[in-house]
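The values are calculated or read from the model by the stated rules, or taken from the named source; none is laboratory data. Owing to the predicted nature of the structure, the values given are computational and were not obtained by experimental measurement. For neighbour counting, all protein chains shown are included, and Cβ atoms are generated from backbone atoms with ideal geometry for every residue, glycine included. Note: areas computed on protein heavy atoms with side chains; ligands, DNA, RNA excluded. Shrake-Rupley method; radii C 1.70, N 1.55, O 1.52, S 1.80 Å.
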Amino acid sequence: QVQLVESGGGLVQPGGSLRLSCAGSGIIVSTNTMGWYRQAPGKAREYVASIGSRNTTVYADSVKGRFTISRDNAKNTVYLQMNSLKPEDSAVYYCNRIPVRPDYWGQGTQVTVSL
């Protein structure tokens, strides 16, 4: 029943920006802590950022000052604004609730930072 659909990824040059979206169905984004995760080839999925039901935000050290997580409750959608992108940000980006529910993982959206 629950589905989280990530979108907005693409190819961008170092220093560029992208805005990712996570559209929820069967889950109310505003009443859950929601998080963004990413996974690069050959590496484990890692935590990127999260936003709580009271709009408290937390970021991994690697993205602090560059990424901003937000949500639009009317659209039941979580966003990740990514600025000053680096090649090491390249990965498939996923969203989920926190605590993570394994069955909530979607297909993710590919972000590639390259010249």
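Side notes on the structure shown:
- For the chain, the normalised intensity computed at q = 0.20, 0.22 Å⁻¹ comes to -1.04, -1.26 (log10 of I(q)/I(0), Debye sum over alpha carbons, equal scatterers, no solvent).
- Note on exposure: LYS43, LYS64 ranked by accessible area (1.4 Å probe, complete protein assembly) read LYS43, LYS64, with the most exposed listed first.
- Inter-centroid distance (Cα atoms) of segment 32-86 relative to segment 1-19, Å: 11
- Relative contact order for the chain: 37 percent, from Cα pairs under 8 Å spaced at least 6 residues apart, divided by residue count.
- Dipole magnitude for the chain: computed about the Cα centre from +1 point charges on Lys and Arg Cβ and -1 point charges on Asp and Glu Cβ, it is near 160 debye.
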